[in-house]
Amino acid sequence: MGESGFFALFIAVGVIGGSLLLGPVGQALGRLIGAKRGGDSKDGLSTGEMAAQRVVELEARVAELEEQQSRVLELEERLDFAERLLASGEARDADPATPTPR
C-alpha cells in the first residue's frame, strides 16, 4: 500500500470515527459518561425539577386543549344554526302558500 493508500485509509477512518462520535452513538456515550459522573441528562435539573417542569408543560397543554374544545363547541353551535336556517328556507321554498317575511 502506497502513501496515497494510507492517506485514503486515514481519511476513511476519520470520517467513520467522526460520524460515530458526533451521531447518536456519540450522544449515547455522552449521556452514559454524564450519568456515571452524577449529572442529569436534561439541563442539569434534578428529578423533582424535571417533574415540576413536566407538570407545567402538561398544564399548558391542557389549557390549550380546553380552549380548542370551546372553539369547536362554538363552531358546532354556528353550524347547527346555519343548518336550521337553511332548512327553514327550504321549507318555505317548497310550500309557495307560506308568506315570506319582508
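The values are calculated or read from the model by the stated rules, or taken from the named source; none is laboratory data. It should be emphasised that the depicted structure is a prediction, and the values quoted were computed from it without experimental measurement. Ideal geometry is used to build each Cβ from the backbone, glycine not excepted, and the neighbour counts take in all protein chains shown. Just so you know, the surface numbers come from the protein's heavy atoms only, side chains and all, with ligands and any DNA or RNA stripped out. Shrake-Rupley method; radii C 1.70, N 1.55, O 1.52, S 1.80 Å.
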Using θ = phi - 60° and the Karplus relation 6.51 cos²θ - 1.76 cosθ + 1.60, list the HN-Hα couplings for the range 27-36 in order, rounded to whole Hz, with x at every Gly or Pro. 5, 5, 4, x, 5, 5, 5, x, 5, 5
Under a crude label model (7 Å from the Cα following the beta-carbon direction), how far is Ala28 from Glu76 in nanometres? 4.7
Using a 1.4 angstrom probe with every protein chain in place, what is the largest-first accessible-area order of Glu57, Glu77? Glu77, Glu57
